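The values are calculated or read from the model by the stated rules, or taken from the named source; none is laboratory data. Because the structure is predicted, anything quoted here is derived from the model rather than measured. Using ideal geometry, Cβ is built from the backbone for each residue, glycine included, and neighbour counts are taken over all protein chains shown.
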Amino acid sequence: MTTTILLAAVLCTGADSATLTRLEDVQAACNARMATNAAFNVSGTLLSYFRRAVTREWILGVSDGTNTVTFYELNRDGVAAESLDEPRLGDRVRLKGVLYGYGGGLYPGYRKMELVGHQPIGAADSITPADMFDVGNLSRIVRMIGVVRNAFRDESDPNFVVMELVCGGSSALAMAIDVWREISDPSDYIGKTVAAEGVVANPKVGARRYAGRILTVSGRENIHVLVSGEAPLGEPMPDISEIRPMPPSELARLGRHKAVGTVRAVWHGNRAFIETDAGEIVGVRFAKPDVPGVGARVRVAGFPETDIYSLSLVNATWAEAEGVALPRQRPRDISPVQLLEDGFGNPQINIRANGRAFRIRGCVRYLPPPDVREKWLGVESGGLLVSVDAERLAEAMDGLEIGCEVAVSGVCVVDTEGLSSGIPLPRAKGVFIVPAGAGDIEVLARPPWWTVGRLIAVIGLLAAVLAAILLWNVALSRRAERRGRELADERLGRVTSELKVEERTRLAVELHDAMSQTLAGISMEVGAAKEQAQGGDSRLLKRLDFVANAINACRNELKNCIWDLRSEALEEARMDDAIRKSLVKDVRDEELTVRFNVPREMFSDNTAHSIVRTIRELAVNAMRHGGAKHIAIAGSIDGDLLRFSVKDDGCGFDPANAPGVAEGHFGLQGIRERLAPLGGMLEIDSIPGKGVKAKITFKLAAGPEVEKLNG
């Protein structure tokens, strides 16, 4: 009720009229999101703190023993808040500031932090991992003393260092805030007995939200090393051989144990086998990649772990040990079948081979690419593939190739996972061989040059060449067939053209022998009749003149027809050449210009003949009756229309008063009648003394040639 009344007062009177003085009021105001800019002046004890890496702002966790609130340093206009240079857990502070809105939420931002005193809350009290789950210990500052079993920088948030503390037979998780990377190598803490002071927290958010309870430690200064574990030779600790049978869960609670012996194999950078003086094989996972060499006599100290099959020491350190190293084991010949199958061909991993020296013979089936970090060989024997760890054998790898027959000597490793991996019941996944040096890989025979792979490559190359030859032959055949059709079409065209010329010549001869002679005789008779009628009836003379003009027009038309039949102008491939050839008999001293930009194949023979005849008649009239000295002929396609013209520089005439059929002049009327079947139109543009321009337009029949020209 008090909090509600106070919030109401803040909302009604503004930020300057009321100040929040209790942590619970600050928390309630932030939850309500209705008191922006409300002032606060509160005090409490620091439970946690850390500084942002970029802005250097302190973020504080403050408690009054009941409530815990997170405060943020308020930096406005580049002016930092007044803060303590080095706060400590347990400092009692007074914070002054306002509530500010950000991202839809309301947060307490302090502008001043004053030190009231130092009053540790439970910091002198030591608890065990089991005590962390007591309700009363949540948000308390406590101390936990234990041995660091594991330590690493949090992969999900590098601002934290994660530590596993073994204390009183149980383990707890501590997370140290390390924004400034003051802990350069977290593994330095492994094996050391430390006292870590921090706040018991419930990780409701973050990547490790299901860790139960954690101890949040504010910086390296709150991790105190009590007993150093850097010199295992000087520490009294039990030997791994003294471990009695116990459940794996209890084994994980044991402290550090030692093992003294000779290094038999090293792999994966931090893994090794130690053979003790008693002949036992102990697996070791070192805390750092600084590992001893094969054959060295060492003393290692680490935390016991099991994969259900054997004991190992994890997060171990080592030092040289006194005494004489054991001689190297003599490898025993073995086949992959003995490692991976039972006597009946069923899969079975030989667990007893773990840590023993063997020698296998086989064929190299796999070599790692140069850019692959993990170096291993695949050696096949008896239909089974065995991996060979070659991380330290770069020299031996240089001379190998797929297909080499090799003999590999080394220690057999059964690939399993320990309980620390989080697998409740680990299983064996396979085996691999770890040679001690390059001399443990002996090349027995090189693969022959003529291998199956190369044979397949040659066959593939020959097949490709054969396919190319076949495709080339098909292409040549199609090209020859296409060229044959073109030659046949050309020959057919020539034969057709010759037949047309022959037939037209025959018709021209018949017309000349029959019609031309008859018309000549009629013309002579009409001329004689005109001479006898001189001085007589004028109407008779007029009729005789009309008949004479008509007969002369017929004779000229017949001459033109005979010329066209005899001429090969229409056989020309270009209309320009056809037009020039049709006018060759009529042009003498006149200048002739022809620009007929239309392909010949656009027209049928009849249409082409009509165009040429029309142009010739207009040009001949210009020379014969107009006295033209220059004639220009032009033609082009405009959409689906053919437009062409004949222009001269002759004397010209008045089209409106030009003599027509009634006067015995059939030229223009004949042209119009010739164009009528084609839908053509003739337009005459002329002024006496200015020459003549005849323009002809007609629509072309639709076809692919027209579409091609129109794009």
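Only one of these is without any contact (Cβ under 8 Å) to a residue 60 or more places away in the chain and assigned to a strand (DSSP E or B): 263, 200. Name it.
That would be 263, the only listed residue that is without any contact (Cβ under 8 Å) to a residue 60 or more places away in the chain and assigned to a strand (DSSP E or B).
Pairs please, first residue from segment 241-254 and in the same structural domain as residue 280 (by TED's automatic domain parsing) and among the charged types (D, E, K, R), second anywhere and surrounded by 10 or more Cβ atoms within 10 Å (Cβ to Cβ) and not in a helix (DSSP H, G or I), Cβ atoms under 9 Å, 6+ apart in sequence or on different chains.
Short answer, once both residue conditions are applied: 242/257; 250/169; 253/166; 253/168; 253/169; 253/170; 253/171.
Whether any residue in segment 160-167 is surrounded by 18 or more Cβ atoms within 10 Å (Cβ to Cβ), acidic (Asp, Glu) and in a strand (DSSP E or B) is what I want to check.
So far as segment 160-167 goes, yes, one or more of its residues are surrounded by 18 or more Cβ atoms within 10 Å (Cβ to Cβ), acidic (Asp, Glu) and in a strand (DSSP E or B).
Are any residues in segment 578-606 at pLDDT 80 or above, over 15 Å from residue 636 (Cα atoms), in a helix (DSSP H, G or I) and out of contact with any Phe, Trp or Tyr (no Cβ under 9 Å at 6 or more places or on another chain), and if so, which ones?
The answer is 580, 581.
Given the criteria touching a residue at least 24 places away in the same chain (Cβ under 8 Å) and touching a His at 6+ places or on another chain (Cβ under 7 Å), does residue 304 qualify?
So residue 304 fits the description; yes.
Please specify each residue of segment 52-101 satisfying the condition of being aromatic (Phe, Trp, Tyr) and farther than 17 Å from residue 220 by Cα.
If the condition is that a residue be aromatic (Phe, Trp, Tyr) and farther than 17 Å from residue 220 by Cα, then 71, 72, 100 are the ones that fit.
Could you check segment 148-159 and list, in sequence order, the residues that are surrounded by 22 or more Cβ atoms within 10 Å (Cβ to Cβ) and hydrophobic (A, V, I, L, M, F, W, C)?
148, 151, listed by residue number.
Just to be sure before I move on: is residue 183 within 41 Å of the chain's Cα centre (by Cα) and free of Cβ contacts under 8 Å to residues at least 60 places away in the same chain in the structure I sent? Can you show your working first?
Details: within 41 Å of the chain's Cα centre (by Cα): yes; free of Cβ contacts under 8 Å to residues at least 60 places away in the same chain: yes.
Taking the combined requirement at face value, the residue satisfies it.
Which numbered condition in (1) assigned to a helix (DSSP H, G or I); (2) touching a Phe, Trp or Tyr at 6+ places or on another chain (Cβ under 8 Å) is the only one that residue 352 fails?
Going through the list (1) assigned to a helix (DSSP H, G or I); (2) touching a Phe, Trp or Tyr at 6+ places or on another chain (Cβ under 8 Å), residue 352 breaks only (2).
Out of the residues in segment 172-197 meeting the condition of being in a loop (DSSP other than H, G, I, E, B) and charged (D, E, K, R), tell me which one is nearest to residue 154 (Cα to Cα).
Within segment 172-197, the match that is nearest to residue 154 (Cα to Cα) is 178.
(1) touching a Leu at 6+ places or on another chain (Cβ under 6 Å); (2) surrounded by fewer than 16 Cβ atoms within 10 Å (Cβ to Cβ): which one isn't true of residue 193, the others all being true?
Among (1) touching a Leu at 6+ places or on another chain (Cβ under 6 Å); (2) surrounded by fewer than 16 Cβ atoms within 10 Å (Cβ to Cβ), the lone unmet condition for residue 193 is (2).
Looking at segment 365-395, which of the residues that are in a loop (DSSP other than H, G, I, E, B), hydrophobic (A, V, I, L, M, F, W, C) and surrounded by fewer than 19 Cβ atoms within 10 Å (Cβ to Cβ) is modelled with the lowest pLDDT?
Within segment 365-395, the subset in a loop (DSSP other than H, G, I, E, B) is 367-375, 382-383, 390-393.
Then drop every residue that is not hydrophobic (A, V, I, L, M, F, W, C), which leaves 367, 372, 390, 393.
Keeping just the survivors that are surrounded by fewer than 19 Cβ atoms within 10 Å (Cβ to Cβ) gives 367, 372.
Values: 367: 88, 372: 71.
Among residues in segment 365-395 that are in a loop (DSSP other than H, G, I, E, B), hydrophobic (A, V, I, L, M, F, W, C) and surrounded by fewer than 19 Cβ atoms within 10 Å (Cβ to Cβ), the one modelled with the lowest pLDDT is 372.
Restricting to segment 168-178, name every residue that is crowded, with 16+ Cβ neighbours inside 10 Å and in contact (Cβ under 8 Å) with a residue 60 or more places away in the chain.
Once the filter is applied, which keeps residues that are crowded, with 16+ Cβ neighbours inside 10 Å and in contact (Cβ under 8 Å) with a residue 60 or more places away in the chain, segment 168-178 yields 171, 177.
Any chance you could count how many residues in segment 272-293 are touching a helix residue (DSSP H, G or I) at 6+ places or on another chain (Cβ under 6 Å) and of a type in the set (Phe, Trp, Tyr)?
Residues meeting the conditions: 0.
Can you tell me how many residues in segment 447-464 are under 28 Å from residue 337 (Cβ atoms) and either outside any helix (DSSP H, G or I) or over 39 Å from the mean Cα position of the chain (by Cα) (or both)?
Restricting attention to segment 447-464, the residues satisfying the condition of being under 28 Å from residue 337 (Cβ atoms) are 447-448, 451-453.
Among the residues that remain, those that are also either outside any helix (DSSP H, G or I) or over 39 Å from the mean Cα position of the chain (by Cα) (or both) are: 447-448, 451.
Selection size over segment 447-464: 3.
So, of the residues in segment 63-101 that are crowded, with 19+ Cβ neighbours inside 10 Å and touching a helix residue (DSSP H, G or I) at 6+ places or on another chain (Cβ under 7 Å), which turns out to be modelled with the highest pLDDT?
My answer is 99.
Quick one: residue 613 ticks every box in (1) touching a residue at least 60 places away in the same chain (Cβ under 8 Å); (2) charged (D, E, K, R); (3) surrounded by fewer than 17 Cβ atoms within 10 Å (Cβ to Cβ) bar one, so which box is it?
All conditions pass for residue 613, except number (3).
Consider segment 18-48. How many of its residues are in a strand (DSSP E or B) and either among the basic types (Lys, Arg) or surrounded by fewer than 21 Cβ atoms within 10 Å (Cβ to Cβ) (or both)? Please lay out each step first, then the result.
First, pick out the residues of segment 18-48 that are in a strand (DSSP E or B): 19-20, 39-48.
Pick out the ones that are also either among the basic types (Lys, Arg) or surrounded by fewer than 21 Cβ atoms within 10 Å (Cβ to Cβ) (or both) and you get 19, 39, 41, 43.
The qualifying residues number 4.
Name the single residue that is modelled with the lowest pLDDT among those in segment 421-446 being aliphatic (A, V, I, L, M) and part of a loop (DSSP other than H, G, I, E, B).
Restricting to residues being aliphatic (A, V, I, L, M) and part of a loop (DSSP other than H, G, I, E, B), the top hit is 423.
Name the residue that is modelled with the lowest pLDDT, counting only residues in segment 673-702 that are closer than 20 Å to residue 596 by Cβ and exposed (fewer than 12 other Cβ atoms within 10 Å of the Cβ).
Among those residues, the one meeting the criterion is 679.
Which ones in segment 353-364 are over 10 Å from residue 412 (Cα atoms) and surrounded by fewer than 19 Cβ atoms within 10 Å (Cβ to Cβ)?
Within segment 353-364, 361, 363 meet the criteria.
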